[in-house]
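Notes for the one structure printed next.
The values are calculated or read from the model by the stated rules, or taken from the named source; none is laboratory data. Bear in mind that the values here come from a model prediction, so they are computed numbers and not experimental data. Neighbour counts run over all protein chains shown; Cβ positions are idealised from the backbone, glycine included. With ligands, DNA and RNA removed, areas are computed over all heavy atoms of the protein, side chains included. Shrake-Rupley method; radii C 1.70, N 1.55, O 1.52, S 1.80 Å.
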Amino acid sequence: MKAPHFWSAGLDPRSREAAPLTRLLLTPLAALYTFGIRRKLAAAQPERVAARIVCIGNLTVGGVGKTPIVEAIRHKASAAGLRAASLSRGYGGTMEGPLKVDPALHTSAEVGDEPLMLAATGETWIGKNRAEAARAMAEDGVQLIVMDDGHQNPSLAKDLSLIVIDAAAPFGNGHVLPKGPLREPVADGLARADGVILMGEGKELTAVQKSRLPVVRAGLAPASDVPDGPLVAFAGIGRPVKFFDSLTEAGADLQDSVPYGDHHAYTASDLKFLHELAARRGARLITTSKDHVRLPAEERARILVFPVEARFEDEAALAALLAPVLALGLTPDEA
């Protein structure tokens, strides 16, 4: 889902001046949206499948770092001896699924960029219909499903729901769509969660404190050394500046940076511009893993990638959260 432009970063000053009036006009729509999501959740009859379900969700549109968290938790489940796989909707892809993603066969245009990225390091499925996909995964022998997003999707009964929050930009202007970036009221979303993963630096959040949910702090760290020499970075993710900052913090000689919208489909003219910019700076191009999988094969061979991974401040606290669903031989209720 794309963020409405009036509350996005980087607005024209005239748009910012008009924003209060725009938000006032959108108040009835936000109220209707809130009513609709509450009604959908209240009326739902979630389906339970023969696999444990861990949902990694968030409360806002845009990127907060869910996908690296999904990858990390899937890895921990595999290390515990479970056959674990991630499940994504396959945003931006043409295939509806249920489908097990094969990086050697599928493209980001078919299955979406995040599933293709996740498939590079572990078992990954997509399905527009989450319940149907989860059934197919369980029937195939998957024991633990890590959902990438889906906290507002009530079709599946979850055994563990974790909310990922960007500590530096937690709730935007605090309003629900389309007046703001929230998918639902903060208190509503936290009330259905079992824990919070707070990403990056930032103060303790009052709403999270009031919820009394366990909180685990995490951040994104480089999964490889930063390349030597001058670099020009580009990214089409939720908050491109986070990627640029991570490069700088890792010691990169960053000559320039170019942000694009989340899930941006790079055109020939985009790539021509980027290569020309890099040539003018005497630099090489570098991008995120998520962007890299969206590039044509010939461009992937020419453009560097800087992968990141989730790191948790308190591994013991995370292990305590995950313990019930990782216990081998037990259902979540028995653990």
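What residues qualify as long-range amide H neighbours of Ile53, i.e. H under 5 Å apart, gap of 5 or more or another chain, H built at 1.01 Å from N?
Ile145, Asp159, Leu160
Per residue, how many Å² of accessible area does the chain show with a 1.4 Å probe?
Numbers: 15730 Å² over 335 residues.
Result: 47 Å² per residue.
List the residues whose amide H sits under 5 Å from the amide H of Gly93, counting only those 5 or more places along or on another chain, with H placed 1.01 Å from N in the peptide plane.
Sorted by chain and number, the residues that satisfy this are Gly112.
Take every Cα-Cα distance within segment 159-223, group them into 10 Å bins from 0 onward, and report for each bin the whole-number percent of pairs it holds.
20, 53, 24, 3
Between beta-carbons, use under 14 Å as the cut-off and find the net charge around Glu201, counting Lys and Arg +1, Asp and Glu -1.
Taking every other residue near Glu201 into account, the sum is 0.
Once the dipole of the chain is set up with Lys and Arg at +1 and Asp and Glu at -1 on Cβ about the Cα centre, which of Val61, Val232, Thr121 lies farthest towards its positive end?
Result: Val61.
Show the residues, 5+ positions off or on another chain, whose built amide H is closer than 5 Å to the amide H of Val305.
Answer set, sorted by chain and number: Thr287.
Residue-wise, which Karplus ³J(HN,Hα) couplings in Hz belong to segment 152-168, taking 6.51 cos²θ - 1.76 cosθ + 1.60, θ = phi - 60°, and x for glycine or proline?
Each residue of segment 152-168 in turn: 8, 9, x, 6, 10, 7, 9, 8, 8, 10, 10, 9, 9, 10, 6, 4, 7 Hz.
Return the ratio Rg/(2.2 N^0.38 Å) for segment 14-148, where Rg is computed over Cα atoms only. If you can, show how the numbers build up before the last one.
On the way: Rg = 17.9 Å, N = 135, 2.2 N^0.38 = 14.2 Å.
Its radius of gyration relative to the 2.2 N^0.38 Å reference: 1.26.
Let me know the Rg and Dmax you get for segment 105-206 when you use only its Cα atoms, in Å.
15.9, 46
Could you give the dipole magnitude of segment 251-296 about its Cα centre, charging the beta-carbon of Lys and Arg +1 and that of Asp and Glu -1, in debye to the nearest 20?
Working: 6 positive and 6 negative charges, 24 e Å.
For this selection, approximately 120 debye.
For segment 191-258, what log10 I(q)/I(0) values come out of the Debye formula at q = 0.14, 0.15, 0.18, 0.29 1/Å, with one point per alpha carbon and no solvent?
So the normalised log intensities are -0.58, -0.64, -0.77, -1.31.
Of all beta bridges DSSP finds with both residues in the chain, what is the antiparallel percent, to the nearest 5?
Values: 8 of 46 bridges.
Counting only bridges with both partners in the chain, antiparallel ones make up about 15 percent.
Short version: ³J(HN,Hα) in whole Hz for each residue of segment 206-214, in order, from phi by Karplus 6.51 cos²θ - 1.76 cosθ + 1.60 (θ = phi - 60°), x for Gly and Pro, what are they?
Once rounded to whole Hz, the list reads 4, 4, 5, 4, 5, 6, 6, 7, x.
Heavy atoms only, probe 1.4 Å: what % of the accessible area of segment 14-88 goes to carbon and sulfur, would you let me know?
Answer for segment 14-88 is 60 percent, counting heavy atoms of protein chains only.
For the chain, build the charge dipole from Cβ charges (+1 Lys, Arg; -1 Asp, Glu) around the Cα centre, then report which of Pro259, Phe171, Ile303 sits farthest towards its positive end.
Phe171
According to the Kirkwood expression over distinct Cα-Cα pairs, how big is the hydrodynamic radius of the chain, in Å? Provide the component values of the computation, followed by the final result.
Working: mean 1/r = 0.0478 Å⁻¹.
In the chain this quantity evaluates to 20.9 Å.
If you take the charge dipole of the chain about its Cα centre, with +1 on Lys and Arg Cβ and -1 on Asp and Glu Cβ, which of Gly141, Ser88, Leu29 is farthest toward its positive end?
Leu29
Computed from the mean reciprocal separation of all distinct C-alpha pairs, what Kirkwood hydrodynamic radius does segment 215-335 have, in Å? Present the calculation step by step, with values, prior to reporting the outcome.
Working: mean 1/r = 0.0613 Å⁻¹.
Hydrodynamic radius (Kirkwood, Cα only) of segment 215-335 equals 16.3 Å.
Quick check on my link table: of Lys76/Lys210; Lys76/Lys290; Lys76/Lys100; Lys242/Lys290; Lys40/Lys242; Lys76/Lys242, which ones sit more than 23 Å apart, alpha carbon to alpha carbon? It would help to have the intermediate numbers written out before the result.
On the way: Lys76/Lys210 29 Å; Lys76/Lys290 21 Å; Lys76/Lys100 20 Å; Lys242/Lys290 14 Å; Lys40/Lys242 34 Å; Lys76/Lys242 25 Å.
Too far apart for the 23 Å limit: Lys76/Lys210; Lys40/Lys242; Lys76/Lys242.
Give me the dipole magnitude in Debye, nearest 20, for segment 90-182 about the Cα centre, with unit charges on the beta carbon: positive for Lys and Arg, negative for Asp and Glu. If you can, show how the numbers build up before the last one.
Values: 6 positive and 13 negative charges, 73 e Å.
Charge dipole, segment 90-182, about its Cα centre: 340 debye, nearest 20.
At q = 0.10, 0.19 Å⁻¹, what is the log10 ratio I(q)/I(0) for segment 155-304, with the Debye formula run over Cα points and no solvent?
Log10 I(q)/I(0), no solvent term: -0.48, -1.12.
Short version: ³J(HN,Hα) in whole Hz for each residue of segment 76-82, in order, from phi by Karplus 6.51 cos²θ - 1.76 cosθ + 1.60 (θ = phi - 60°), x for Gly and Pro, what are they?
So the J values, rounded to whole Hz, are 5, 5, 5, 5, 7, x, 8.
Could you give the dipole magnitude of the chain about its Cα centre, charging the beta-carbon of Lys and Arg +1 and that of Asp and Glu -1, in debye to the nearest 20?
Values: 37 positive and 40 negative charges, 209 e Å.
Approximately 1000 debye in magnitude.
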